[in-house]
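See structure below.
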Amino acid sequence: MANPDNFSQFLASVEKRAFGMAVVSVKNADDALDIVQDAMFTLARKYSEKNSSEWAPIFYRVLNNRITDFHRSNSRRAGLFGWFGFGESSGQDELEQVAGPAQHNPEFIQELDSDTRLLLEAVALLPVRQQQAFLLRAWEGMDVKNTAKSMNCSEGSVKTHYSRAVHALREKLGEALQGEDDE
């Protein structure tokens, strides 16, 4: 049986970063909180008995699956309501219509400097798999092997997604990321 204190410490250690990753991906703080809580409950319910060294890759796999499920659900909902004339586009880009995390959480704005805010905005524009690879590798500091476990893909796919993300971010942000490692 896993030590409850160790498990609680693990959850506390990943809570804020997981929330940040979810906010970047789903662009809504309330939805992000629901996703992170669901991922934590799933980890506690199904995987708390695993070795503590396995918790991080499993947690991030569950988190990424919940984020993917969220996007799929919204795509299906948008398609369904589109048939009935609901949610018709106003001609604006969908990303412009979505309120970003900065509009929902003033404390978040104060904590982040302008460079970090620019980076998060640029990461939010990446495809979901590139977001996942970049955030797990650069933000969480996971190695390629654990990132692959978390994303449920091959190590080669992680390297490809990460490389594409870094190149896209460098192109978008210019000099700000010239020191990033390109693995």
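Quick notes
- Normalised contact order of region 1-76, rounded percent, pairs of Cα under 8 Å and 6 or more residues apart: 34 percent
- Partners of K50 within straight-line reach, counting lysines whose Cα lies under 17 Å from its Cα and excluding those fewer than 8 residues away in the same chain: K149.
- Between D38 and T160, the C-beta separation translates, for a Förster distance of 22 Å, into a calculated FRET efficiency of about 0.20.
- Gain in span if fully extended, R45 to S8, counting 0.36 nm per residue against the direct Cα distance: 12.0 nm
- Using a Förster distance of 22 Å, the FRET efficiency for H71-R17 (Cβ separation, nearest 0.05): 0.65
- Partners for K145 among lysines (Cα-Cα distance below 17 Å; same-chain residues under 8 apart left out): K159
FYI, it's all coordinate maths here, none of it is from the lab. Keep in mind that what you see is a predicted model, and the values were worked out from it rather than measured. A quick note on method: Cβ atoms are made from the backbone with ideal geometry, for glycine too, and the neighbour counts reach across all protein chains shown.
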